[in-house]
Structures are given as structure tokens and as C-alpha cells.
1. Within the range B:166-192, take every residue that is crowded, with 22+ Cβ neighbours inside 10 Å and β-branched (Val, Ile, Thr) and give me the one that is farthest from B:GLY34 (Cα to Cα).
2. Restricting to the range B:86-122, and then to whatever is more than 21 Å from B:ARG196 (Cα to Cα) and touching a residue at least 60 places away in the same chain (Cβ under 8 Å), can you tell me which residue is nearest to the other protein chains (Cβ to nearest Cβ)?
3. Would you mind finding the one in A:VAL268, A:VAL307, A:VAL300 that is more than 14 Å from chain B (Cβ to nearest Cβ) and of a type in the set (A, V, I, L, M, F, W, C)?
4. So in the range B:54-75, with the set limited to residues that are assigned to a loop (DSSP other than H, G, I, E, B) and of a type in the set (A, V, I, L, M), which one is surrounded by the fewest Cβ atoms within 10 Å (Cβ to Cβ)?
5. Could you run through the range A:275-293 and say how many residues are of a type outside the set (A, V, I, L, M, F, W, C), surrounded by 17 or more Cβ atoms within 10 Å (Cβ to Cβ) and within 46 Å of the chain's Cα centre (by Cα)?
6. So, in the range B:27-44, how many residues would count as being among the small types (Gly, Ala, Ser), more than 14 Å from chain A (Cβ to nearest Cβ) and more than 15 Å from the chain's Cα centre (by Cα)?
7. Report those helices (runs of 4 or more DSSP H) wholly inside the range A:1-84 carrying at least 2 residues which are more than 14 Å from chain B (Cβ to nearest Cβ), modelled with pLDDT of 85 or more and buried (at least 20 other Cβ atoms within 10 Å of the Cβ).
8. Applying the selection to the range B:145-157, what residues are surrounded by fewer than 20 Cβ atoms within 10 Å (Cβ to Cβ) and in a helix (DSSP H, G or I)?
Amino acid sequence: MISLAQRNLLHDKVRLTVTLTGIVFAVVLIVIELGLYVGFTQTTSCLIDHSGADLWVTSKHVPYLELGTPFNARKLYQVKVVPGVADAEKFINSWTRWNRLDGAQETVQVVGFNPDAGLGGPWNVVEGSIRDLKTPDGVMVDKVYKKKLGVSRVGEVFEINGHRARVVGFTRGIRAFTTDPYVFTSFRHAQDYAPLRDDQTTYILVKTEPGANVNEVRRNILARVKDVDVLTSAEFSRTTQRYWTLTTGAGIAILLAAVLGLIVGFVVVAQTIYATTMDHLKEFGTLKAMGAPNSYVYKVILIQATVGAVIGYTLGMIISGFVIRFAQPAGAPILMNGWMAISIFLLTLFMCAGAALVSINRVTKLDPAMVFKG
Amino acid sequence: MKAAIIVRDVTKTYAEGGASVRALRGVDLEVHSGEIVMLVGPSGSGKTTLLSIMGCILQASSGSIRIAGQEVGHLRENELPRVRLNHIGFVFQGFNLFPTLTAGENIELMLDLKGIRGPQARKRAYELLERVGLADKFDVVPANLSGGQKQRVAIARALAGDPKIILADEPTAALDSHAGRTIMEMMRDLAHERGRAVLIVTHDPRVLEFADRTIRIEDGMIDESAPELAVPVELLVQNKAQGVHNWLQ
């Protein structure tokens, strides 16, 4: 059975090439669309996910990270004394203007945090260090935005919202989904860049004590600090992701493209596997006349589809790897990880098996008496 | 001799557009183990329909069909493959070998259906090819075999299931006279020496000399005026094919 399935698939090299091209095309399409969607979704909440905080204290009804409204920074001291709180730090995320040396302006998101504590700071620092942000006017940007911000090296001086800013380091791979680059700096400098009054902050990040019940700490903060919301990092991350992916429609567009990729891939694969089955229709008729039950014929077709899926998936993933690699420097956040690779493999198997079902339906209706028709 | 196939009052009606076409009209027929029976008749007479029903490929509209003692007329469609697999071997006009498989693998595929696999299947396939004189073609694909060789592989495949009944549809139509004769000698040996019931549908007058009985069918009915057709001996001896053909007509 396996031998027949393999030979049917491998015998006609042109047909095999067409079939595999269809599957590879579908796999690459799905990987890129799905990778873009996941990359996009994770980018929207990357500051929260990498903050290291367990809880976020915000002003009331903040829909997503970028829309945090300032509140009295003295609440920090109220939070710090809540049982179960190991550390609490002020945090700013605000849009402002970056003046390039050539006079052009760019909108950026200034991110202010306490460099001594590290909560809410940058990650993947490839040049300079977080400590350097404690120096006067020290800022850190991502390498991917060097061109956009007109930055070429550490030490260059720019202006943010009329205040001096000196580049002290670079990160790699911290993209802002809004395309407005993140500029990391100390909380104190961020207040100038935002601008924000000295007694204000947009968030308080909380690290709970080891073993503390996060929900209980949250309840305690809400009981002691007035006019704030307290969210776990996971909740705030989900809220932010949901806002950007669903409310703005941007995520829906990418998700639809991913679904469309899946449908197009399915149609391409169904068509090629159907054509392969049609090429061997008389043989399937002979098999049935010889006494093979329908289940035997189905297995042959499903094995053909599975072998095609495995080969197509492998080639598709190799090609996708190259595409992702070349897309990274261009600023396209295509994400690929282990569970996505496994999911896409299962999806490819499902797609090929589903496509085979279309062929099976045709073979089921096959009249074995066709074998007597010359 | 024991009857391997008994057909009683079998009819078959096809729906064609709004009308119905009666392909078989009350056919009675028996084929016994150890005999070779030829089924002849003009095109559209119902030969292939009868062969398909006897081969459990097609279901009759009415009547009784017994295969190796088992009534199969009332079996459900999904039960028929098992009857075909256990009792019937087919030989087709167009050989119907699997082009992507070698001669040996074509036979192994039939054995696979019977649940015989691995070295045992390979050994059995080799023996069957040896029996039809093609042991040296075990690893050759059908495209590289002559017509006669392909039909011999097809016979070996049909025998792989060890069936008691062989049904052949125009087995010599695509072959030259020498290859056709070789095939018919094999068919005759299967009937006479190995006790198989062999039914051959044919238009080819050259093969009639191998028949123990020749049955003529016309307009979906067995021609009772010539139930056991005897071909004039002098035509067979002289192998005047056209003469036999004219005589049949």
C-alpha cells in the first residue's frame, strides 16, 4: 500500500514538482501571514511582556499601554507599603518628538523607568548598558530604527521635545508596532521628554514578593490606593493586544490575510492532490475491482497526501526561514517559534488530508466496472 | 463437475436519461470448476454487463447469483469486495497493471490485499511470475514489457489471490496471434490442470478452439438455439479466423 502511494507520488516528476510547489507555496504563505500576525500581536505588548513587573497600577479605565493618563506619583509610596509588594517603580510611556540632526522630526515613544531597579527597562542591549542611562541625557534606541532616527553611533546628541538627548547604547529587535520607535531613558529624563509634571507618572510597576499571591496583593493595593486600576501583566498584555488587533482593525486585516493564505493554500493543495488522484483513477478502479475495500483505497490516497505534506512542509519551512531572515532587517516582525512550527505542521497535514478527502469523494463514486471499458 | 458460478434468471436494467435500457433479460448460466467457457456475442449484447455481475462488480436488478456456493445477489455493495477478493481473479483487455510498480510489485499488491506481506509476499510473487515464465522480469515496470508479457503478469496477479474463478474480458484483443495463443494455453491449463472455472468474454475467433463450451448472448439473452456452440473442426484446424467469425455471425 505504502509502496503504491509513494510510487504514485514520485513516479511523475513533473506532477510531483507541481504538487510540492502547491504545498510549499501554501506553507510559506501560512508561515508568513501567521508569523506576521503573531509578531504584530506580540509587538503591541512587548513592553509589558518584558517589563518584569507582576502588576501594573494605572489611572482608571486605561484601554491599552499607549493611552496611559498621568496620575499623582505620590501613590508610589502608598503602593510600596502594601503587604506583598517587593518593589514598585514609576514608569512613563508617552509619545513625543525627536529632532534629527538634519532638522527633520520623527514621532517617538519615550519609555521612562528606574535604571537602578530595571523594571520596565530595555532588553537585548547590544551596545552600551542600562547603567549608562543614569548619565545625564542618556537614551537608548533600537538598531532597526537607526536610519529612521538619523542615528549612526553611540555618543551622538539629538533633541527630544526641546531637551538634549545623548545616545548611550543600542538594543536589537525591540520594535514598536506603531512604527514610532521606543526611546528608553531614565524616569527623570522621560518626565522632561514627555513632557510630564514632576509629581506625575503614567504607571507604577509592581514586583511582588516571592511566594506572594498576586491577586491578593492586587486587592490590597486597590483597597489602599484610590482612583487607580491594578492589572496583572498578563491581563494588561491581553487588553493591549486585543485593542490593537481587534479595535483598530489592523490585526483583523492581518488575521484575515492569514486565513486567506490558509484558504488559498488549501485550494492549491486540493487542486494538485485531486489532479494526482485523477491521473491514477483507472488504477484505483482496478484496485477496487481486485477486491480492495474503499478503506484501502482511501489509505493509499491519504498516504500520498501525507508524504506530500511532510516533504512540502520541510521545503516550505526552509524557504520560510530564509524569508524571515531577510525580512527582519527590513523591519517586518515575522515571528516563528516551536509551537508555531508544530501547529503549522499539523495544519499542513490537516490541509493535505482535507484536500485528499475531495479526491476520496470522487474515488468513492468510482464504478469498478470502468475496468472493462478498454 | 461442481458449479463455481450459477446464474439464475438475472436481469439488469439501466436508467438512461428518462428511459430504461434492459441490458440482461432473464439470463441462466452455469460455469463449472475445471472448464473454460467462452461468452460471445455482438457489441451491446450484454456480455460485459453479465461478466460484471458474475464478477460481483455490478449488482443485478433481479435474479440469483451464486459464487462458490454463496448467494451474492442480495449482498450490500460494501460486502462485494470481499467476495471478489476471495473467489475471483480478473484478467482485463487493457492488462490494467499499475504502471508505477514493477511486475513483482503488481503481484505483491494483490497479496497485500490478502494480508500477505514482506518476504513471504515477495517469494510468492516470484513463484507466480516463474509459473508464467517471467521470473526474470520481476523488477521490470510494465512499460518495458511486451503486450503478451503484460498479460502474463496480469494472469499471475489474478492467481495471486488463489481464486477458484477466473473472469477474463477480451484477454487476447490487444495481442498478436502468438502471444494470444500463449495466453489461451495458460487459461486452458488453469481450467484443466488446476481446476479453475474460467469464463472468457471474447470477440476473437482465434481463441474459440480453446473453449470447452461457447455461449452466445444476444439482446441480453442467452441464445438458446446454440447453447453449446460447436465450431466446425476444419475451421479450427486451419485456423481460418475470419471464417469462424463469419460462422459465428
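The values are calculated or read from the model by the stated rules, or taken from the named source; none is laboratory data. Everything numeric in this text was worked out from a predicted model, so none of it was measured. In this analysis, Cβ positions are derived from the backbone assuming ideal geometry, glycine residues included, and neighbour counts consider all displayed protein chains.
1. B:THR172
2. Per the criteria, the residue is B:GLY94.
3. A:VAL268
4. Among them, the one singled out is B:LEU75.
5. Residues that pass the stated criteria total 3.
6. Qualifying residue count, the range B:27-44: 1.
7. Output list reads A:13-44, A:46-49, A:75-80.
8. B:GLY147, B:GLY148
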